[in-house]
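Below is one structure, written out as structure tokens; the observations come after it.
Every number in this text was worked out from the coordinates using simple rules, so none of it is lab data. Treat the numbers as computed from the prediction; the structure is a model and nothing was measured. Here the Cβ is made from the backbone with ideal geometry for all residues, glycine too, and neighbour counts use every protein chain on show.
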DNA sequence: CGAACGTGATTAAACGTTTAATCCGATCGA
DNA sequence: TCGATCGGATTAAACGTTTAATCACGTTCG
């Protein structure tokens with residue numbers, strides 16, 4: 001069991017079998033004209049030696065690195081693991097590696113991150129843009145994951161439909177007085193979710209919207225949201241646009257003596273990992289990240305294959321390439337349905353008016 | 001403002017200035033013998049053209065890709081964002097890109113992920129091993145982030161000291177009856193944390209340990225932990241080895257009518273992003289991931305520089321290279337102190353025996 | 001004054017792969 | 001039987017960079 005001493009290269013296989021390197025390359029790629037018998041022997045030898053092509057050599061020749069860049073608004077975002085994992089799987093399945101980059105929430109850093117990825121020679125970039133940002137035309141193939149209301153080559157979850165889902169669920173449970181909790185109206189995603197919810201809450205259902213950043217701007221960061229009072233005023237369901245806010249609501253209510261789901265229901269969005277780890281487990285709306293990532297990567301690879309490698313003598317220019325040679329973003333708009341995950345924080349509206357213990361909490 | 005048409009290459013700068021490509025390369029690298037005047041002109045031209053060297057060409061020649069691999073036990077792990085972000089920063093500062101790989105919790109996948117990274121030509125690998133796994137000698141330079149009790153070239157937080165920190169804090173608050181909550185005793189990290197706590201809890205303080213996986217094996221996954229009963233039996237502090245478990249404990253206690261921190265204290269580990277978003281905010285122990293990542297990357301780059309590129313004719317073998325030519329892992333063991341973050345879930349032990357509302361919760 | 005030296009630049013090879021162009025026989029059709 | 005065709009393999013160039021070896025030339029020293 002001698003450990004692999006040197007990375008075997010094409011010429012080694014070639015000389016060992018008495019053929020040329022080109023033949024070996026062709027055989028392994030299944031491209032040129034190689035006899036089936038020869039091809040078989042070559043594949044066998046390659047397997048025996050544990051041959052793996054040098055990405056560097058290949059990249060240099062083909063102009064393709066087989067690597068995608070993933071730029072995120074903020075790696076520390078709790079949703080990030082889901083995204084990264086899904087993209088990594090999808091990319092890996094498509095034969096690509098994933099290089100990560102962090103915009104650290106900063107829009108300047110975001111463009112810098114993109115440039116750095118390009119310098120590293122990525123073939124394409126998946127961007128989850130900082131909220132409110134639009135991705136201008138950069139030189140590389142790009143796929144954006146955001147919300148369907150983002151223009152450009154976008155794939156995303158159908159946040160609007162997700163909003164409808166959860167609102168309908170609460171309606172079905174009998175709730176008629178809801179509080180929608182969001183963080184910041186600038187976010188396309190949050191707006192879509194809220195919009196979806198609103199679109200269902202017509203007729204005799206009433207609701208109001210609490211934007212946390214507004215509230216904190218007035219009362220200080222990390223302040224109490226005052227949900228207990230809301231509950232006393234008759235709100236029986238708290239629908240947050242993110243599990244994070246749902247968690248905040250849940251703990252604030254529980255700490256104030258409001259029983260969930262007996263006295264009030266709480267729902268979230270995103271199905272973060274810990275949403276089953278809390279008691280009661282959180283009712284939420286799940287993004288099918290696997291599908292989203294798959295579509296994003298598929299769109300990206302399509303773009304990559306369509307565009308000629310950057311520095312290639314193009315003799316007879318195809319009728320599809322633009323003047324600049326940039327890939328024509330086909331601007332596909334795909335949206336993937338979300339799924340309601342029923343757990344324990346949502347329940348039927350209480351029959352009698354909720355009995356909330358008197359005030360007197362410190363802070 | 002003509003957009004960069006083609007990626008400029010060395011020879012373009014060279015011909016434009018009437019010198020050879022080698023001189024340009026030397027000037028930009030600051031290596032060979034180039035007159036300061038010439039170097040300046042070259043740098044200016046390079047900047048003007050926005051020249052960026054082709055990683056492919058460089059990698060092929062030097063055998064170095066300037067990319068590190070990051071292998072994680074499970075990308076979906078909530079701690080992952082912190083780790084990934086820190087590693088990405090550190091690597092970026094050191095001039096490296098970061099390629100991610102997911103072991104999906106599976107040990108077989110872990111080795112496969114490592115191999116894939118190697119095939120992609122990474123210069124070194126940072127591994128956060130699946131719990132209980134030992135990283136055997138793979139061909140590449142490796143840095144492991146786990147716990148100090150892991151053998152090999154490791155850097156990690158000082159989980160033991162972190163345990164001491166939080167236990168001492170609870171002692172100082174007057175708690176004498178604690179429940180330590182862990183998930184699985186196989187984890188080095190969790191063991192260290194528990195061990196550190198235990199080491200402080202001597203004398204008249206009593207405690208017991210609850211391993212969640214054991215408990216769930218008996219009562220079903222996601223079951224109630226029975227903390228209310230513990231509280232009634234006199235436990236006043238619940239110290240979890242992870243914020244995740246702390247959150248579970250907190251919500252279970254709150255839902256059962258136990259006031260935190262008035263009736264009981266709860267503490268966690270890791271300072272996950274949402275730990276300030278809950279009410280009351282979670283007292284926890286923070287890992288200095290930035291420093292850990294920095295040290296891991298530093299150790300890795302040192303190893304990389306020390307080891308000769310894989311396929312280089314080594315004529316006069318240095319006296320340091322081993323027979324196999326593998327990098328001699330110097331097996332540094334660095335541990336970075338943790339920091340106690342005081343928030344609202346920990347408070348003084350209640351003066352009178354805790355008044356817990358009667359049982360009667362529905363599951 | 002010739003040899004040694006130092007400085008600044010050039011030449012050429014090499015990294016490992018892909019691919020267009022080419023070559024060599026053998027087979028086939030006319 | 002000759003030319004065209006085709007299958008199967010080879011040759012050679014190219015991708016963009018780095019670097020050891022070399023060169024030209026002016027200076028300095030013995």
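Data for the structure
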{"quantity": "Per the axis that maps chain A onto chain B, nearest residue of A (Cβ criterion) and its distance in Å", "calculated": "A:254, 2"}
{"quantity": "Residue A:6-residue B:37 pseudo-label distance in nm [points 7 Å out on the Cα-to-Cβ vector]", "calculated": "4.6 nm"}
{"quantity": "Angle in degrees between helix B:159-172 and the longest Cα principal axis of chain B, rounded to the nearest 10", "calculated": "30 degrees"}
{"quantity": "Computed over the range B:10-53: relative contact order in percent, which uses C-alpha pairs under 8 Å that are six or more apart", "calculated": "32 percent"}
{"quantity": "Exam field: residue B:229 pseudo-label spacings to other copies (7 Å along Cα-Cβ), nanometres", "calculated": "4.1"}
{"quantity": "Nearest 10 degrees, 0 to 90: helix B:80-93 Cα axis against chain B principal axis", "calculated": "30 degrees"}
{"quantity": "Residues residue A:137 and residue B:339, FRET efficiency given R0 of 60 Å [Cβ-Cβ distance, rounded to 0.05]", "calculated": "0.85"}
{"quantity": "Scaled radius of gyration (Cα, divided by 2.2 N^0.38 Å) that chain B gives", "calculated": "1.29"}
{"quantity": "Position residue A:298, label points 7 Å along Cα→Cβ, spacing to each other copy in nm (shortest first, one decimal)", "calculated": "4.7"}
{"quantity": "Average other protein chain Cβ within 10 Å of Cβ, residues A:114-120", "calculated": "3"}
{"quantity": "Chain B: relative contact order as a whole-number percent, Cα under 8 Å and 6+ apart", "calculated": "17 percent"}
{"quantity": "With Cα atoms, 0 to 90° folded angle of helix B:36-49 axis to chain B main axis", "calculated": "60 degrees"}
{"quantity": "Per principal axis, descending, Cα span of the range A:10-53 in whole Å", "calculated": "23, 18, 16"}
{"quantity": "Two-site label geometry, residue B:172 and residue B:94: point separation in nm, points 7 Å out along Cα→Cβ", "calculated": "3.5 nm"}
{"quantity": "Percentage, to the nearest whole number, of Cα pairs in the protein assembly as shown over 46 Å apart", "calculated": "29 percent"}
{"quantity": "Other-copy label distances relative to residue A:118, 7 angstrom Cα-Cβ extension, nm", "calculated": "3.6"}
{"quantity": "Value of relative contact order over the range B:159-287, rounded to a whole percent, pairs C-alpha under 8 Å and six or more apart", "calculated": "25 percent"}
{"quantity": "Shielding by partners, peptide A:59-72 (average Cβ within 10 angstrom, other chains)", "calculated": "3"}
{"quantity": "Using distinct alpha-carbon pairs, which all enter the 1/r mean, Kirkwood radius of the range B:159-287 in Å", "calculated": "14.4 Å"}
{"quantity": "Nitroxide proxy distance, nm - points 7 Å out along Cα→Cβ at residue A:214 and residue B:107", "calculated": "5.5 nm"}
